[in-house]
Amino acid sequence: MDLDKLLRKNIIDLKPYSSARDEYSGEAMVFLDANENPWNQPYNRYPDPLQRKLKEKVAGLKNISPEHIFLGNGSDEPIDLLIRAFCEPGEDNIVSIDPTYGMYQVAAGINNVEVIKVPLTESFGLDAGKLLAAAGEKTKLVFLCSPNNPSGNVLQQEAILEVVNNFKGIVVLDEAYIDFAPEKSLLTKLGQYPNLVILQTFSKAWGMAGIRLGMAFASPEIISVLNKIKYPYNLNILTQQKALELIENRSQTEDWVKQIINEREKMGQMLSELPFVIKGYPSDANFILVKMHDARGIYEFLKEKGVIVRDRSKVFLCDDSLRITVGSPEENNLLINTLKELI
């Protein structure tokens, strides 16, 4: 893959901003290079712009070398950066499945990039041939989400790889919910596909949504592009410190995932027994998409009771459906008991 043929020319020619901490890393007797306040350590210092310590931890966690890792302010940052790097505004386009995570379209819209939507099947499956047919000469990126949001299902790995193998641009595979799925991440195959970018996050299984930490895994060439155009200090020192602390407790995360999967199955069964529920779609994520009679009315009823779910009724293929996150056993029982008031 010739990356320069895909990148915008101004990005190729761009001279990135060089921060003080780019020019020097490590320990020193005195730091007088970045116009920082000398007091209130360690918060007076700018954070490592390349997050070296944190990347070493992530590398061990994911069994991949640090040069394949980009860390961002949530997954939304690499999504935006990829569109900015590869898509000429008003000229190029991206292809995404429909329905899927809404930020792909929002980020594209902000960058004045057209989005071509390819419908999933009625069972939320991926038709690789249809997607590849929708991609034209001006298509630079394809966005896939597996497990998908809001449907909750994993896309067929064979179909994903058919797209990766046959699309001439960059394929972005968002695996935000992969920890809850029986299928393994495609991260182990990353080295075979130079045009593949995999997104993961600390927001879901790791319980770190509040610190805003997303991961992008790709070839060193693509990672260097993202580092070139990101803001210099995109991850603050508090985020980096908290992530380093929480990563040490991997067993707790594994326990949380097991509990959520067990609660997902229990919740699905209890929801299916309610007379107004038409269907609960199979889920490989930490939420369930539920089709029901008068979904909007039920959403409003739950909201009045202080139970907040997500109304997805107006989303393609999700008519009369609510997306319900799997909470703690106490939260899930409260949801079910509140819904039973409607019987």
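Couple of notes before you dig in:
- Residues considered: Leu199, Leu173. Of these, the only one that is assigned to a strand (DSSP E or B) and touching a Ser or Thr at 6+ places or on another chain (Cβ under 6 Å) is Leu199.
- Residue within region 243-266 that is within 30 Å of Asp13 (Cβ to Cβ) and touching a strand residue (DSSP E or B) at 6+ places or on another chain (Cβ under 8 Å) present: no
- One residue alone among Arg264, Arg212, Arg250 is at positive phi, in contact (Cβ under 8 Å) with a residue 40 or more places away in the chain and in contact with a helix residue (DSSP H, G or I) (Cβ under 8 Å, 6 or more places away or on another chain), and that residue is Arg212.
- Top-ranked residue in region 11-31 [being exposed (fewer than 10 other Cβ atoms within 10 Å of the Cβ) and not acidic (Asp, Glu); ranked as farthest from Pro47 (Cα to Cα)]: Lys15
- Filtered by the rule that a residue be closer than 16 Å to Lys266 by Cα, more than 22 Å from the chain's Cα centre (by Cα) and among the polar types (S, T, N, Q), region 297-337 gives Ser328, Asn332, Asn333, Asn337.
- Candidates Pro78, Pro66, filtered to the one that is within 18 Å of Met215 (Cβ to Cβ), of a type outside the set (Lys, Arg) and touching an Asp or Glu at 6+ places or on another chain (Cβ under 9 Å): Pro66
- Unique residue being in contact with a Pro (Cβ under 7 Å, 6 or more places away or on another chain) and over 26 Å from Gln157 (Cα atoms) when the list is Asn111, Asn73: Asn111
- Of the residues Ile79, Ile83, Ile11, the single one that is assigned to a helix (DSSP H, G or I), assigned by TED's automatic domain parsing to the domain that holds Thr201, under 23 Å from Leu196 (Cβ atoms) and over 22 Å from the mean Cα position of the chain (by Cα) is Ile11.
- Qualifying positions in region 128-164 - closer than 19 Å to Phe316 by Cβ and loosely packed, with under 15 Cβ neighbours inside 10 Å: Lys130, Ala133
- Checked against (1) of a type outside the set (Lys, Arg); (2) more than 27 Å from Ile79 (Cα to Cα); (3) in contact (Cβ under 8 Å) with a residue 60 or more places away in the chain; (4) touching a strand residue (DSSP E or B) at 6+ places or on another chain (Cβ under 9 Å), Met270 passes all but a single condition, namely (4).
- Yes/no for Ile160 being of a type in the set (Val, Ile, Thr) and in contact with a Lys or Arg (Cβ under 8 Å, 6 or more places away or on another chain): no
- Helices (runs of 4 or more DSSP H) enclosed by region 226-343 - at least 1 residues per element that are aromatic (Phe, Trp, Tyr) and modelled with pLDDT of 95 or more: 250-272, 295-304
- Scope region 93-125; condition within 16 Å of Ile170 (Cβ to Cβ), without any contact (Cβ under 8 Å) to a residue 24 or more places away in the chain and in a helix (DSSP H, G or I); matching residues: none
The values are calculated or read from the model by the stated rules, or taken from the named source; none is laboratory data. Everything numeric in this text was worked out from a predicted model, so none of it was measured. Note that we place each Cβ from the backbone using ideal geometry, even for glycine, and neighbour counts take in every protein chain shown.
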